[in-house]
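This report concerns only the one structure given below.
Where a number appears in this text, it was derived from the coordinates with a stated rule and is not lab data. None of these values were measured; they are calculated from a predicted model. All Cβ positions, even for glycine, are placed from backbone atoms using ideal geometry, and neighbour counts span all protein chains on display.
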C-alpha cells in the first residue's frame, strides 16, 4: 500500500505531466485499498492542480480540482488516511537530522514520517526524496 505524494496525484490527473503515462499504467494495475491521500497531499493537489504555469491549458478551478479529488475517493483503490499519532515526534526527529536548507524538506519529511507510521510506502517522482536515507529509513 502506498501514500502518494502530490506530484504522483498530479501525474495521474494531467496528461501533460511528464510521468502521466507511467502513472496511469501503474494505477491501472492496483488492487482495492492500495493508495492513499493524507491531508497534506490532498491540499497540495487541490492547490497545484490550479497552476496554469505547471499545466498550461489543463489547469482547473478549485471546484474542478475538488471534483477530481472526490472522484479519486470514489475509486475502490483510493482512500484517505488521517494523521497518525506520533507524526510530530517522528517529523521533529527527521528535521533534526536534515542539514540542507530547502522549503521542500519539511513537507517531504512529513510525508515520509506519515508513511512510516502508517506502514505505507511513499510513492514519489521526486528523485531527491526517493533517495534520501534520512527520510525514508
Estimated [θ] at 222 nm from DSSP helical runs (n ≥ 4, -39500 (n - 2.57)) normalised by residues in the chain, nearest 500: -15500 deg cm²/dmol
The chain: angle of helix 87-97 to the longest principal axis, Cα-based, in degrees nearest 10: 70 degrees
Degrees separating the helix 62-73 axis from the principal Cα axis of the chain, which is the longest one: 80 degrees
By average C-beta atoms within 10 angstrom, highest first, the peptides 112-123, 85-96: 112-123, 85-96
With Cα atoms, 0 to 90° folded angle of helix 39-48 axis to the chain main axis: 50 degrees
Gap separating the Cα centres of the range 69-84 and the range 20-52, nearest whole Å: 9 Å
Estimated translational D of the range 2-136 in µm²/s (Stokes, Kirkwood radius over Cα pairs; 20 °C; 1.002 mPa s): 139 µm²/s
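Among 32, 83, what is the fewest-to-most ranking by other Cβ atoms within 10 Å?
32, 83
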Proxy reagent accessibility, fewest Cβ within 10 Å first, across 99, 107, 124: 99, 107, 124
Cα-based Rg of the range 59-119 normalised by 2.2 N^0.38 Å, two decimals: 1.45
